[in-house]
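Peer 1: One structure, pasted below without further comment.
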Amino acid sequence: MVTQSLKKARFFGRDGDCRLAKRIAAVLLASAIVLMPGMQPSLAQAPKMDRQTNGLIMLIEFEKIEGIRQWERQLDGRGLTALVQAQHNVIAEYPKDFGRLALKGYPIAGLYADKAFWDVPYEEQLARMREVKDAIEKITVVKSMRVFGSRYFAYDENTLRAADALGVEYVLARGTAGERATVYAPREYKAKIISVSNVPFGEMGTGSLCDYSLWARGSTDEDFANVVDKVLARRPSDMILVSHAYLGGTKTKWWRTYEKALASNGVQWRRFDDWVKAVGVVALPFDKIPVNREVKYEAPKPAVPLDRLEDLPGLKSEGPMKSGEPLCQ
């Protein structure tokens, strides 16, 4: 190949044209060397690019609406959406809000907070999941509940069977790969499992990368900020940052951590569908998929109660705060 290129270069002319011919021949020779088998350029010499984390915001709400609206305003200004998991009572009370969010492309995930779906009979799981699905699809123009999660993001094989029966695409699960969020595709089912980011909280075990998880364990807003900073610095390939919107979306110091995270250059925050396309999907038989059933506490033990935390200015109250259920432990 190189010899033929050199021969062709000789036909470009004589005298003054010879210099041009030699230059062309040199270029052809260099190109041929680069393309020859086994002659690849050194990767060590290539510029190293730091990969951004594939990031998704997830919101949980089962009481009020102010935090959801705050998050909506902030995400609108950034051209983003979030995965929103809302309990039926708040959806029924604020149908226009959730209908609007659905039209904007926010997937409204189903939430059954009364029971963890571990070892619950199939017929019961199917009935509860159908009730949640019907409640969501009644008030949203987008007639599809694509994501479902029970208390503590618990699931088992019956949950996947029920999801397949109802056409639910994703089931939420407790984290199994540390701060790296993962999507598992069990080979026996159509539904996939979204395993959320998971971080250690000392003697209280591990929990979701979530404001509530730390607040309920007695941590402060400073503790939460430190945890999020450390996770962002490690640049996990895929991450889900969760907020109980009545906390992270309404309390000033807790919100500041999310605001800083949204501005991070180390994360490419994406809409749900784009996040799912970018995440690495792990296909395994169901019995080979790791499961996290660790729940070391149930009753919240906050250092500072919600009503003593500073509210963001300008938020309009929509009624008293009720006692919450721990969902993203």
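Peer 1: Looking at segment 243-265, which of its residues are in a loop (DSSP other than H, G, I, E, B) and surrounded by 21 or more Cβ atoms within 10 Å (Cβ to Cβ)?
Peer 2: Step one: list which residues in segment 243-265 are in a loop (DSSP other than H, G, I, E, B), which gives 249-250, 263-265.
Passing the criteria: GLY249, THR250.
Peer 1: Quick check on GLY175: is it under 22 Å from LEU247 (Cβ atoms), touching a strand residue (DSSP E or B) at 6+ places or on another chain (Cβ under 9 Å) and part of a loop (DSSP other than H, G, I, E, B)?
Peer 2: yes
Peer 1: Just the residues that are among the acidic types (Asp, Glu), modelled with pLDDT of 95 or more and over 24 Å from ALA233 (Cβ atoms), please, taken from segment 274-294. Spell out how you get there, then give the answer.
Peer 2: So in segment 274-294, the residues among the acidic types (Asp, Glu) come out as 274, 287, 294.
Narrowing further to those that are modelled with pLDDT of 95 or more: 274, 287.
Result: ASP287, single match.
Peer 1: Next question. Can you tell me which residue within segment 119-151, out of those that are within 21 Å of the chain's Cα centre (by Cα) and among the polar types (S, T, N, Q), is surrounded by the fewest Cβ atoms within 10 Å (Cβ to Cβ)?
Peer 2: Applying the filter and picking the extreme gives SER144.
Peer 1: Which is aliphatic (A, V, I, L, M), open to solvent by less than 20 Å² (accessible area, probe 1.4 Å) and without any contact (Cβ under 8 Å) to a residue 60 or more places away in the chain, of ALA154, ALA162, ALA181? It would help to see each step written out before you state the result.
Peer 2: On the way: ALA154 fails: without any contact (Cβ under 8 Å) to a residue 60 or more places away in the chain; ALA181 fails: without any contact (Cβ under 8 Å) to a residue 60 or more places away in the chain.
One residue alone meets the criteria, ALA162.
Peer 1: Just checking, does segment 306-326 include any residue being under 25 Å from GLY178 (Cα atoms) and either modelled with pLDDT under 85 or part of a strand (DSSP E or B) (or both)?
Peer 2: Of the residues in segment 306-326, the ones under 25 Å from GLY178 (Cα atoms) are 325-326.
Right, trim to either modelled with pLDDT under 85 or part of a strand (DSSP E or B) (or both) and you get 325-326.
Looking for residues that are under 25 Å from GLY178 (Cα atoms) and either modelled with pLDDT under 85 or part of a strand (DSSP E or B) (or both), one finds at least one in segment 306-326, hence yes.
Peer 1: Out of all the residues in segment 270-284, which are closer than 14 Å to MET58 by Cα, of a type outside the set (Asp, Glu) and either in contact with a Pro (Cβ under 6 Å, 6 or more places away or on another chain) or open to solvent by 20 Å² or more (accessible area, probe 1.4 Å) (or both)?
Peer 2: ARG270, ARG271, PHE272, VAL276
Peer 1: Given the criteria open to solvent by 30 Å² or more (accessible area, probe 1.4 Å), within 25 Å of ALA173 (Cβ to Cβ) and not aromatic (Phe, Trp, Tyr), does ARG235 qualify? Spell out the reasoning first.
Peer 2: Values: open to solvent by 30 Å² or more (accessible area, probe 1.4 Å): yes; within 25 Å of ALA173 (Cβ to Cβ): yes; not aromatic (Phe, Trp, Tyr): yes.
Answer is yes for this residue.
Peer 1: Still on this structure: Which members of segment 63-98 meet the condition of being closer than 24 Å to VAL171 by Cβ and open to solvent by 10 Å² or more (accessible area, probe 1.4 Å)?
Peer 2: Correct list: GLU63, LEU80, GLN87, HIS88, ASN89, ALA92.
The values are calculated or read from the model by the stated rules, or taken from the named source; none is laboratory data. Just so we're clear, the structure is a prediction, and the values are computed from it rather than from any experiment. Every residue, glycine as well, gets a Cβ built from its backbone with ideal geometry; the counts of neighbours run over all protein chains shown. SASA here: full protein model, heavy atoms, side chains in, ligands and nucleic acids out. Shrake-Rupley method; radii C 1.70, N 1.55, O 1.52, S 1.80 Å.
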